[in-house]
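The values are calculated or read from the model by the stated rules, or taken from the named source; none is laboratory data. Nothing here was measured: the structure is a model prediction, and the numbers come from that model. Virtual Cβ from ideal backbone geometry, glycine too; neighbours counted across all protein chains shown. Heavy atoms of the whole protein, side chains included, go into the accessibility calculation; ligands, DNA and RNA do not. Shrake-Rupley method; radii C 1.70, N 1.55, O 1.52, S 1.80 Å.
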Amino acid sequence: MLKVLVLLQIAALSKYDGLRASRRSERGSVTMEHVLWAVAVIGIVGIVVLAVTNYVTSEAGKIR
């Protein structure tokens, strides 16, 4: 009976180590995804600001 319990414990621990190792390999993926989204949002905001600035400048030149 003791041998069976030891084998079950070893099997459970090896499975747990496998799960921990697979989780560890994807550790930075969420951070990288957040960085890419932040860069995309900053780029889009920059384009919008540039378009609004150009429009306001061109309309201000028409005032006389």
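Observations on the model:
- In this view, the solvent-accessible surface of Leu50, computed with a 1.4 Å probe and all protein chains in place, comes to about 110 Å².
- Put a dot 7 Å past the Cα of Arg64, heading toward its Cβ, do the same for Leu50, and the two dots end up 3.0 nm apart.
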